[in-house]
Amino acid sequence: MPLYRYKALDPHGELLDGQMEAASDGEVAARLQEQGHLPVETRLAGEVGGGRSLRSLLRPRPFAGQRLTQFTQQLATLLGAGQPLDRALSILLDLPEDDKSKRTIGEIREAVRGGASLSSALERQHGTFGRLYVNMVRAGESGGSLHETLQRLGDYLERSQALKGRVVNALVYPAILVVVVGLSLVFLLGYVVPQFASMYESLDVALPWFTRGILALGMLVRDWWWLLAALLIVGLLWLDRRRRDPAFRARLDEWLLRRKLVGPLLARLETARLARTLGTLLRNGVPLLSALGIARNVLGNLALSADVAAATDEVRNGRGLATALGRGGRFPRLALQMIQVGEESGALDTMLMKTAETFEQDTAQMLDRLLAALVPAITLLLAAVVGIVIVAVLVPLYDLTSAIN
């Protein structure tokens with residue numbers, strides 16, 4: 001059985017750090033609970049040393065992604081077990097392995113010890129914790145249910161991370177395929193094709209026009225590869241700079257939403273993100289207008305973000321949320337209908353969470369179908385390009401051999 005490392009609190013509130021053989025991390029937690037301990041963290045023992053060098057190379061930001069989710073869930077667990085906030089932060093201070101995370105938690109603890117609320121202490125971390133995070137914590141403090149709010153926040157972060165990871169994983173294989181075949185094509189054009197060009201030049205034979213074009217392209221790649229690489233880098237830098245321009249980014253996002261394949265996928269993905277964010281905020285007592293202002297910044301598509309901003313103004317004037325969001329015509333009709341049902345039944349937060357679950361599942365299915373069609377399409381396209389190059393180079397040689405025979 002694998003060896004797990006665990007950290008837990010004993011009945012006296014002391015932090016325990018040890019190892020245990022078990023079939024899964026859930027079994028470790030169950031055993032610790034049977035012994036009267038409160039599990040704080042469980043993970044494979046090999047992950048402690050094996051992942052450290054990789055993390056040091058990548059240098060992730062503290063409290064980003066999985067680190068933020070773990071911190072939130074662990075803090076919720078400690079507060080739910082009756083630990084004071086100061087004590088809980090002191091325990092969490094010993095868990096991170098990187099100095100930046102330790103320093104961040106230490107600064108939060110010192111601010112809390114100085115009389116500041118947790119939300120104020122988080123807000124002082126210069127953007128490390130986003131508006132959504134800080135406002136949810138503030139709402140939890142106001143309602144006297146901080147640990148429950150943190151539990152919901154941890155669940156929200158975990159689901160968001162899972163959805164983002166699913167999208168990234170779906171794009172990894174096509175990206176690798178394009179890069180590998182692209183490099184193979186560059187090698188074929190820059191090294192192999194010029195060899196045939198020299199041979200045909202020495203034979204002084206008439207070549208078809210498409211063969212002459214491929215040979216000229218190969219010579220261009222061989223002689224001017226550095227210029228082509230420089231142009232590629234400059235082009236990427238220019239696109240990155242243009243992408244940072246809000247006007248250009250808004251036009252690009254709107255253009256993407258109108259595409260038949262990409263548009264519906266992006267709309268569903270952003271709808272799921274908006275619905276889960278709004279539902280989580282409303283469930284924790286954040287007013288609708290404030291929740292819309294926060295959720296707008298969570299969206300990655302500026303065209304949909306502009307629709308949410310316009311809807312916020314209409315909601316402020318008394319219009320329903322579903323009607324206001326439907327003005328732009330970009331959000332899916334099913335989502336608007338579900339939101340309208342939530343408004344009419346007085347359970348808007350519940351219907352928003354159901355909307356998020358529905359569109360997260362729909363997005364996963366669309367990703368699977370798109371990936372199933374995209375990979376063969378990319379493979380066939382790149383194989384056709386490579387085949388054209390090979391045929392253009394070898395056909396004259398075949399004709400010459402036939403003529404000699």
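Express in whole angstrom the spacing between the alpha-carbon centres of the range 131-197 and the range 87-123. Taking the Cα centre of each part, the range 131-197 and the range 87-123 sit 28 Å apart.
Compute the relative contact order of the range 228-306 as a whole-number percentage, counting only Cα pairs closer than 8 Å that sit 6 or more residues apart in sequence. The value is 29 percent.
A full extension of the chain between residue 239 and residue 186 corresponds to an added length of 16.8 nm, given 0.36 nm per residue minus the alpha carbon distance. Straight distance only, please: which lysines reach the Cα of residue 102 with their own Cα at less than 25 Å, same-chain residues fewer than 8 apart left out? Cross-link targets: 7. Going by alpha carbons, how many degrees (0 to 90, nearest 10) lie between the helix axis of 246-257 and the longest principal axis of the chain? So the inclination is approximately 80 degrees.
When only the Cβ of Lys, Arg, Asp and Glu is charged (+1, +1, -1, -1), the dipole of the range 166-405 relative to its Cα centre reaches about 640 debye.
Against the main long axis of the alpha-carbon atoms of the chain, helix 131-143 sits at an angle near 20°.
The C-alpha atoms of the chain define a longest principal axis, and helix 66-80 lies at about 10 degrees to it. Based on C-alpha pairs under 8 angstrom that are at least 6 apart in sequence, the chain has a relative contact order of 12 percent. Projected over all directions and averaged, the alpha-carbon convex hull of the chain occupies 28.1 nm².
Any read-out appearing in this document is the output of simple, stated calculations on the displayed coordinates, not a laboratory observation. The structure presented is a predicted model; accordingly, all values stated were derived computationally and were not measured. Glycine gets a Cβ as well: all are built from the backbone with ideal geometry, and neighbour counts include every protein chain shown.
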